[in-house]
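Worksheet: one structure, shown below.
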Amino acid sequence: MDIKEQMKEIMDASVTCDKCNHEFVIKEESIMKEKMEVKGLKFDLIYFYCPSCKKIYRASIQDRKYYLLVEELDKARKQVRDNFGTFDTTKANKLNKKLKKKSNALKNHVLEMNDKFSGEFAFFVDNKGNRTIEYIENDDIN
Ligand SMILES: [Zn+2]
């Protein structure tokens, strides 16, 4: 599964920036990927940003475990597909259960990561003009 496939639901959607009220459409090329390391954790931040005020909107946080779970989910999906039409219902039930389990594991991991990184990601420009993304912890939540 590549990023484009994963981002299908948000692609071509019109969104209004909650910081500056600018309305913009999320295009394929709007989806960015940045390698990050925060709290000792390495992950890819998948995001898009408001073209007006540059506020970053996170699409997802993808760490090693995330990719592993996606891979396992894809594998389980393929097993279900391969078994389709064999009329082996016992196996079909087993595979469907497995698929559901893998799907839940991925969902839970995504929730966990969003929980862990409940703050905000924002652009920073250093004195050399390099643009980086920093994570800002949300102090309001305790
Ligand atoms: Zn904005």
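May I ask you to verify whether GLY129 is under 30 Å from ASP18 (Cβ atoms) and in a loop (DSSP other than H, G, I, E, B)?
Spelling it out, GLY129 is indeed under 30 Å from ASP18 (Cβ atoms) and in a loop (DSSP other than H, G, I, E, B).
Name the pairs whose Cβ atoms lie under 8 Å apart, with the first residue in the range 71-97 and of a type in the set (Phe, Trp, Tyr), the second assigned to a helix (DSSP H, G or I), and 6 or more positions between them or separate chains?
The qualifying pairs are PHE84/ALA92.
Anything in the range 81-100 that is within 21 Å of LEU69 (Cα to Cα), open to solvent by less than 100 Å² (accessible area, probe 1.4 Å) and among the charged types (D, E, K, R)? List them, or say none.
If the condition is that a residue be within 21 Å of LEU69 (Cα to Cα), open to solvent by less than 100 Å² (accessible area, probe 1.4 Å) and among the charged types (D, E, K, R), then ASP82, LYS98 are the ones that fit.
Can ASP115 be described as more than 16 Å from the ligand (Cβ to nearest atom), without any contact (Cβ under 8 Å) to a residue 12 or more places away in the chain and over 26 Å from MET7 (Cβ atoms)? Spell out how you get there, then give the answer.
On the way: more than 16 Å from the ligand (Cβ to nearest atom): yes; without any contact (Cβ under 8 Å) to a residue 12 or more places away in the chain: yes; over 26 Å from MET7 (Cβ atoms): no.
Taking the combined requirement at face value, the residue does not satisfy it.
Every residue in the range 22-59 that is farther than 16 Å from GLU134 by Cβ and crowded, with 17+ Cβ neighbours inside 10 Å, please.
If the condition is that a residue be farther than 16 Å from GLU134 by Cβ and crowded, with 17+ Cβ neighbours inside 10 Å, then ILE26, SER30, ILE31, ILE46, PHE48, CYS50, ALA59 are the ones that fit.
The values are calculated or read from the model by the stated rules, or taken from the named source; none is laboratory data. From a predicted model like this one, the values you see are computed outputs, not experimental measurements. When we count neighbours, we look across all protein chains shown, and the Cβ atoms used for this are built from the backbone with ideal geometry, even at glycine. Only protein heavy atoms, including side chains, enter the accessible area calculation; ligands, DNA and RNA are left aside. Shrake-Rupley method; radii C 1.70, N 1.55, O 1.52, S 1.80 Å.
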